[in-house]
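These notes concern the structure reproduced below.
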Amino acid sequence: MKLFSKIYIYLLLGIISMLIIDGNLNYEAELEQFDIDMADNAKQIAWIVSGMISHTWKESGPEKALQLIEDANRADHLITINWVWQDELLDLFGEDIPELEKLKSSDTVDQISFFALDKHRQKQRYTIMAVAIPGNRAGAIQLTQSLEMRSEFTQRMLLRSLLITSLLALISGIIIYFFIHIKIRGPLEKLSRKAIEIGKGNLVPDLEIKGDDELVGLARIMNDMCTRLLIAKEKIHFENLARLKTMEQLRHTEKLSTVGQIAAGIAHEIGTPLNVVDGRAKMIISEPLEHDEIVNCAKIIKTQAERITLIIRQLLDYSRKKKSHPRTLESVDGIINQVFHLLSPIAAKQGIALVLNIAPETQMTCRMDPHQIQQVFMNVIMNSIQATPKDKNVVVEISNTRLKSMIHTDDQVRKFLRIDVLDEGEGIPESYLQEIFTPFFTTKQIGLGTGLGLSIARELLEEQGGWIEVENRRPRGARFSIFLGLEES
């Protein structure tokens with residue numbers, strides 16, 4: 001888990017940095033204290049030895065005093081004691097040592113301590129202590145302390161700091177690891193898995209995290225969110241069912257409205273065969289006919305009755321509520337011819353010709369629900385008939401086209417079946433173009449439409465994976481373009 005690793009590494013680095021800084025400060029303090037103790041030790045020894053040498057020098061002479069220095073060197077190998085004359089110190093150590101600056105203005109010094117390089121280029125601590133002896137020349141003892149003990153002390157301090165830092169970092173790392181793993185990583189993984197499940201649709205509020213910290217509170221919030229989403233999902237489900245039921249009723253209402261308009265034209269279609277049936281029946285009843293003539297009249301009556309039955313069956317079949325059918329491969333021209341047959345009585349009554357033009361080599365087979373597509377063509381062509389004046393044409397043109405789909409987002413050019421319905425009316429005012437597909441929007445007279453035809457047509461087309469566009473051709477009418485996806489070969 002990346003977040004866990006980052007938190008753990010950052011915390012561990014922070015702890016290690018703090019331990020290193022603390023160890024370094026302790027090391028510097030201990031080293032400074034060691035130097036102070038080393039200098040104090042040298043001063044005490046120098047003060048004691050200088051007193052002894054001064055007393056011996058005065059009582060027994062310089063030879064005995066110098067012999068005392070040699071005896072002291074044999075007893076202690078860590079500190080070397082030498083006799084020096086103070087007027088030779090500058091020549092012995094040079095003028096670059098700040099502690100020897102006094103000798104430039106004064107011939108004697110009481111006590112000084114400094115670091116300098118010996119003849120072997122090794123750094124040593126030197127302590128100079130003045131010795132009171134007879135005579136005019138000032139003498140002193142020189143204590144030389146090796147810094148090997150200081151180096152050993154430094155190494156021990158570094159090793160100790162490194163060991164303590166490593167142990168503390170290890171212990172802290174283990175504690176932090178288990179704390180973050182139990183308190184942060186585990187709950188975060190549960191929250192992450194639950195978020196993924198919610199994205200996949202699993203809204204069961206089953207997230208459990210023990211404790212009383214912020215992550216537990218977040219888990220409760222996610223469970224509450226799941227509960228609310230479940231309630232909202234059920235509500236949307238019922239609202240969607242109600243909407244679908246309402247839309248189905250509106251579609252059926254629009255069908256019945258269209259049926260009512262078609263019925264007036266069909267009345268004339270039925271009237272003609274009924275008159276033939278009535279006339280032939282009267283002939284059989286009132287006139288003495290031969291057997292062959294009676295059979296002939298019966299055949300004519302049967303033919304006209306079948307014609308009436310076909311007309312009524314087509315009307316009832318269109319007006320009856322239909323369930324959604326699986327999409328099948330259908331030819332669009334056959335459906336349009338059925339629509340022409342149903343609408344031809346209305347068109348003929350208004351003196352309007354229905355014309356079908358099919359471009360050469362047009363592929364017209366689409367996978368669709370034929371009943372829904374029939375209603376689409378019925379609504380659009382009926383709308384064009386109502387907009388077209390007498391003695392004009394409503395033209396339906398079928399062709400193939402290649403363009404970017406309005407329903408796909410991949411910007412690929414695809415092949416579509418295009419059905420253009422053109423009327424020769426006055427066209428659509430520009431202010432109406434944005435509202436032409438709005439439910440219940442109509443400019444027709446009362447009784448000629450519900451304002452649902454085009455909105456239902458667009459919705460049905462979207463369900464079938466198509467779409468509809470409108471183009472104003474004023475003053476030559478309007479063009480409704482229907483696009484359906486072609487079956488890939």
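The values are calculated or read from the model by the stated rules, or taken from the named source; none is laboratory data. A quick note: this is a predicted structure, and the numbers were derived from the prediction, not measured. Neighbour counts run over all protein chains shown; Cβ positions are idealised from the backbone, glycine included. Only protein heavy atoms, including side chains, enter the accessible area calculation; ligands, DNA and RNA are left aside. Shrake-Rupley method; radii C 1.70, N 1.55, O 1.52, S 1.80 Å.
Considering only protein heavy atoms, with the full assembly of protein chains and a 1.4 angstrom probe, order Asp37, Asp110 by accessible area, largest first.
Asp110, Asp37
What number do you get for segment 202-251 when its Cα radius of gyration is normalised by 2.2 N^0.38 Å, N = residues?
1.76
Taking a probe of 1.4 angstrom, what is the accessible area of His120 in Å², to the nearest 10?
130
For the modelled label position 7 Å from the Cα of Asp37 along Cα-to-Cβ, which residues of segment 122-161 have backbone nitrogen atoms closer than 19 Å?
It comes to 125-126, 145-161, nothing else.
Please go through segment 110-160 and write out the trypsin sites (Lys or Arg not before Pro) that DSSP classes as loop and that have at most 13 other C-beta atoms within 10 Å.
Qualifying residues, ordered by number: Lys119, Arg121, Arg137.
Which order do the peptides 373-382, 281-290 take when ranked by the mean count of other beta-carbon atoms within 10 Å per residue, highest first?
With the highest mean Cβ count within 10 Å placed first, the list reads 373-382, 281-290.
Give me the one-decimal nm value for the distance between modelled label points at Asn393 and Glu95, 7 Å along each residue's Cα-to-Cβ direction.
Label-label distance for Asn393 and Glu95, simple model: 12.4 nm.
Each residue of segment 153-158 in turn: what ³J(HN,Hα) in whole Hz from Karplus with 6.51, -1.76, 1.60 and θ = phi - 60°, glycine and Pro shown as x?
Ordered by residue, 3J(HN,Hα) equals 4, 4, 4, 5, 5, 5 Hz.
Using θ = phi - 60° and the Karplus curve 6.51 cos²θ - 1.76 cosθ + 1.60, what whole-Hz ³J(HN,Hα) does each residue of segment 55-72 get, with Gly and Pro shown as x?
Coupling constants for segment 55-72: 5, 5, 4, 6, 8, 10, x, x, 5, 5, 5, 5, 5, 4, 5, 5, 5, 5 Hz.
Length gain on complete extension for the stretch Ala359 to Asp110, per 0.36 nm per residue less the alpha carbon to alpha carbon distance?
77.2 nm
Identify all aspartates and glutamates with a Cα-Cα distance to Lys102 below 20 Å; exclude those on the same chain that are fewer than 8 residues away in sequence.
Output for Lys102: Asp87, Glu88, Asp91, Asp110.
As a test question: what accessible area, to the nearest 10 Å², does Glu330 have when a 1.4 Å probe is rolled over all protein chains in place?
Roll a 1.4 Å probe over it and Glu330 shows about 60 Å².
Provide the FRET efficiency to the nearest 0.05 for the Ile7-Arg160 pair, computing r from the beta carbons and using R0 = 41 Å.
0.85
How large is the charge dipole for segment 55-191, taken about the Cα centre, if only the Cβ atoms of Lys, Arg (+1) and Asp, Glu (-1) carry charge, to the nearest 20 debye?
I would put it at about 1160 debye.
For Tyr10, Tyr27, Tyr126, Tyr177, give me the order by solvent-accessible area with a 1.4 Å probe, most accessible first, ignoring ligands, DNA and RNA.
From most exposed to least exposed: Tyr10, Tyr177, Tyr27, Tyr126.
Quick one: order Ser405, Ser166 from most to least accessible surface, probe 1.4 Å.
The most accessible residue leads, giving Ser166, Ser405.
Rounded to two decimals, what is the ratio between the C-alpha radius of gyration of segment 68-191 and 2.2 N^0.38 Å?
Expressed relative to 2.2 N^0.38 Å, the Cα Rg reads 1.97.
Which aspartates and glutamates, on any chain, are close to Lys282 with Cα under 18 Å apart, when same-chain ones fewer than 8 places away are left out?
Cross-link targets: Glu290, Asp292, Glu293.
Pulled fully out, how much extra length does the chain show between Val413 and Ile48, if you take 0.36 nm times their separation in residues and subtract their Cα-Cα distance?
In short, 120.7 nm is gained.
Gain in length, Ala348 to Leu329, computed as 0.36 nm per residue apart minus the alpha-carbon separation, to one decimal in nm?
Once the chain is fully extended between Ala348 and Leu329, it gains 3.7 nm.
Do the alpha carbons of any pairs in Lys43/Lys123; Lys6/Lys210; Lys235/Lys415; Lys200/Lys245; Lys233/Lys404; Lys245/Lys349 sit beyond 30 Å of each other, and which pairs?
The pairs that break the limit, which is 30 Å between Cα atoms, are Lys235/Lys415; Lys233/Lys404; Lys245/Lys349.
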